[in-house]
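First comes the structure, then the notes that go with it.
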Amino acid sequence: MSAVQVQAPPRGGGVRALWAGNPQAVIQRGLIAARSSSWVVVLSGFFEPVFYLASMGIGLGSMIGDVETSQGISVSYAAFIAPALLAVAAMNGAIYDSTWNVFFKLNYGKLYEGMLATSLGPLDVALGEILYALLRGLLYATGFMVIMQVLGLNLAWTAVLALPAVLLIAFGFASVGMAVTSYMKTFQHMDWINIVLLPMFLFSATLYPIAIYPEWVQSVIMAFPLWHGVELVRGLTTGILSIDLLWHVAYYLVMIAFGLVFTTRRLRALFLD
Amino acid sequence: MSANDPAAPGAAAATATPTLDELRAEAMEWGRRPRARGTWYVTEHMVRAMRAYGWTIIVGAFGQPVLYLLGLAVGLAALIQQPVDDGGQSVPYLVFVAPALLMTSAISVATEEFTYPVMAGFKWRRYFFGFSASALSSRQIANGVMVGAMARMAVTVVLYFAFIMLFFLWLQPGATTPATAWLMIVIGVLGGLAFGVPLMAYAASIEDDKGQFALVQRFVFMPMFLFSGTFYPLAVLPLWLQWIGWISPLWHAAELGRVVAYGKEVDPAMIAVHIVYLLVLTAVGLVLSWRLFGKRLAK
């Protein structure tokens, strides 16, 4: 009877059960579906950080003057917040695409059941969906970088590297966001996302340096992902590079890996086991 | 035995065949209370419906003031060490921002309560048509939605006010005039209505959801929040951006809030302008809502 056992597909383990090497099919589906959605709404997301930059940069900038970054250099207030707003835009874009979109597809569209009934595995779906979210993040980030360049807020050539950094940030948030969304069952649960995002936005050295807080508050803030993203992007746009930036990159690499594994396992538990 | 209770409408039907007049009288009798108190019935429905997301409301109403006051007012205040020059008057930054943040909270409740619930009432769950098939008038339905939203705004604003007072007690004792500062609650609700009631009229006019509310959020609420002199006096902005403040209910409400919170010196005529502007926006929005609700429910 051993011949039969060899022919039977291995069940319950191995990468082959999770991965068909075809996440681009999921991305393609997202792009085709995007054609029928409202492009104005998609495009409007770009304006949010621009409005913030204009309001805070002009208004508060005139009251605050120059600000010292964590790297110890003094920059104009607009140049201080612009990289932070870029990181926040990456976070928001990735989170909205990987939570609201995924929530609908999961609970109402029943899209993933269909996808998983094909040769696609849960890792294809997770990675495809997350990479699709990154495209939108890339779009917003590129637009915002152009505006920063025009306003003279990119202080060094290393600002170019902020684009891949933003993708890294978006990747981290999208993969964890999708994993968390798989636990949500009603609209009201989705509100918790804002409850987590708002304090991160307000406290992560976005609008003022983290140094104003007592030590213990600082260490709490440093545990959260957005602070690492803000510091990374700010380091690149102001051109003050240090080896510490690699820690921020490492934080996101761990976050991405964790999110991907988590999402894949959840999709498998929800639809395949 | 309710069937034998002569006071209960419907008792006549059990005893003998009623005449048309009796039936009409009975129907009128049943409808008397809803006709008289219809607004409150709708309000009750709207408030009960909020229980579905009650936790969000509570966490938001507690969390937002704390986060914004700590994050923006305290954090930024540490950066802006010199007091703000508010029209010649020197004001600590926290004291300057707090009234505007309170007004913003009322208006952000308005953007939630006057949009999707209205859309749901007409389109997704269609309960407004159910109300309309009863003795309620379309006007009462619009009024009920408004009062329901007012109730939530009031809860949010009262909490916000309480937190502001605690923060001031902690960080800026003596900076406010408590005798008038509580009026921020009234102004907050008025500000929320001035923005929300016209929005209700707009929501009633939408037949298909194509993301209009997301656009309102991004292109109306967000710029209003950022350019209405919330974080700095409006005069700091260049003139070509100041008009956003002039037409924004948030700016008018925040200016009134600053008058009652710390006695900002304002020309009495300007106070009248602020109040009248907010009232006119609310009134125009309400009249428009009545008409649009009536038209849509009669369809």
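Neighbour counting of Cβ atoms within 10 Å sorts the residues A:L127, B:L79, fewest neighbours leading, into B:L79, A:L127.
Principal-axis analysis of the Cα atoms of chain A puts helix A:225-238 at an angle of about 50° to the longest axis.
Enclosing the Cα atoms of chain A in their convex hull gives a volume equal to 153 cubic angstrom per residue. Look at the dipole of the protein assembly as shown built from charges on Cβ: of A:L138, B:F213, A:V50, the Cα furthest out on the positive end belongs to B:F213. Residue by residue along A:32-39, Cβ atoms of other protein chains within 10 Å of the local Cβ number 1 on average. With the convex hull of the Cα atoms taken as the outline of segment A:152-259, the averaged projected area works out to 7.8 nm². Computed from the C-beta positions of A:V254 and B:W40, the FRET efficiency with R₀ = 45 Å rounds to 0.20. Of all stretches in chain B that contain no GluC sites (Glu not before Pro) in a DSSP loop with at most 12 other Cβ atoms within 10 Å, the longest one is B:1-206.
What number of lysine-lysine pairs in the protein assembly as shown show an alpha-carbon separation below 19 angstrom, given a sequence spacing of 8 or more or placement on distinct chains? Count of close lysine pairs: 6. Using the charge dipole of chain B (Lys, Arg: +1 at Cβ; Asp, Glu: -1 at Cβ; taken about the Cα centre), state which of B:M28, B:T39, B:H274 has its Cα farthest towards the positive end. Result: B:M28. Any idea what angle helix A:187-203 forms with the longest principal axis of chain A, computed on alpha-carbon atoms, 0 to 90 degrees, nearest 10? That helix lies at roughly 30 degrees to the long axis. Here the dipole of segment A:178-273 is about 360 debye; that uses its Cα centre as origin and unit charges on the Cβ of Lys and Arg (positive) and Asp and Glu (negative). The mean number of Cβ atoms from other chains found within 10 Å of a Cβ in peptide A:209-215 is 2, as a whole number.
Apply the a/c threshold of 1.5 to the C-alpha gyration tensor of segment B:185-290 and tell me whether it is rounded, prolate or oblate. Here segment B:185-290 falls in the oblate category.
Each value in this text was obtained by applying a stated rule to the coordinates, not by laboratory testing. Note that the structure is predicted; figures quoted are calculated from it, not measured. Backbone-built Cβ (ideal geometry, glycine too); neighbour counts: all protein chains shown.
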